[in-house]
Amino acid sequence: MSESWARTSCTQMASAPRVAAQGNQPFRAADRIPLRFWDTTRNMQAPMMKDLSHEFIQFALDTGALRFGEFKTKAGRLSPYFFNAGLFHDGEGLGRLAGFYADRLLQVEETVPKFDVLFGPAYKGITLASAMAVACAARGRNLPFCFNRKEAKDHGEGGNLVGAPLTGRVAIVDDVISAGTSVRESVEIIRAAGAEPAAVFIALDRMERGGNAEVVAAQSAVEEVRERWGIEVYALATLDDLLGYLESDARPSTERYSAEVLATHRLAIADYRSRYGTGRRP
């Protein structure tokens with residue numbers, strides 16, 4: 001995967017020369033993007049999905065956004081791992097995370113019609129969609145973005161939407177899908193604007209069926225989204241990717257976990273997946 005645009009400070013990057021405007025045409029946003037952005041990404045082919053997923057998992061472990069242990073979920077289950085996208089809370093971390101989202105979108109657009117707008121549902125989706133738009137532009141894919149307010153504004157421009165108009169094929173950007181409530185609300189907002197909710201991009205698909213510690217539902221929240229609204233969900237990594245990472249011979253140790261400790265957690269996660277997971281591992 002290419003070096004993250006967030007790794008290099010603005011003071012270290014030379015600005016791209018502005019192209020002289022022709023006629024009444026304004027400068028393009030791309031003309032103002034630092035040269036370093038384009039040099040490292042313009043002709044870059046998106047990495048294979050497995051490589052992207054494993055690199056994202058390594059990044060999440062290094063930052064502490066992905067942790068192993070024993071964590072009680074909202075459903076009352078004791079999970080051997082925990083993921084919190086809110087821990088990507090500095091400029092470098094958010095920049096790298098946005099880069100993963102952008103690379104995933106570019107992969108997807110190799111096989112499906114291109115998206116027209118990114119939509120970030122309040123609240124985490126706001127930051128994710130905004131940062132993802134910047135990362136996409138750095139890779140030569142300039143996409144408008146929009147997000148919603150929880151409460152409609154009754155002054156100024158009014159309404160509950162901020163940013164670009166929702167038109168065409170809209171990609172929803174969020175961290176995870178738990179109960180599907182955020183997706184449902186997003187679908188309603190997008191369709192009300194006359195646009196098409198075309199996909200959902202998330203960081204991690206837990207591949208976990210609904211229910212609680214005793215009762216296990218037939219589907220996961222992601223599967224319900226696909227079935228109920230006919231919308232494809234694209235994750236940076238899935239639970240199977242996490243298990244594949246932990247089983248890999250090339251798996252490095254991290255600052256938080258040695259290779260031996262990671263092997264122990266792998267067994268606990270595999271057991272959890274067999275109890276609550278969707279489908280069978282390939």
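The values are calculated or read from the model by the stated rules, or taken from the named source; none is laboratory data. Keep in mind the model is a prediction, meaning the values are calculated, not measured. Methodologically, a virtual Cβ is constructed for each residue, glycine included, from the backbone with ideal geometry; neighbour enumeration extends over all protein chains shown.
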| query | Somewhere in the stretch 128-146, is a residue in a strand (DSSP E or B) and farther than 26 Å from HIS54 by Cα? | reply | yes
Being without any contact (Cβ under 8 Å) to a residue 60 or more places away in the chain, in contact with a helix residue (DSSP H, G or I) (Cβ under 8 Å, 6 or more places away or on another chain) and surrounded by 18 or more Cβ atoms within 10 Å (Cβ to Cβ): is that true of VAL200 here? yes
*Has the stretch 114-125 got any residue that is assigned to a helix (DSSP H, G or I) and either free of Cβ contacts under 8 Å to residues at least 40 places away in the same chain or surrounded by 21 or more Cβ atoms within 10 Å (Cβ to Cβ) (or both)?*
yes
Restricting the stretch 207-242 to residues that are among the aliphatic types (A, V, I, L, M) and over 19 Å from the mean Cα position of the chain (by Cα), the one modelled with the lowest pLDDT turns out to be ALA213
If we keep only residues of the stretch 165-223 that are part of a helix (DSSP H, G or I) and among the small types (Gly, Ala, Ser), then the residue nearest to PRO80 (Cα to Cα) is ALA221
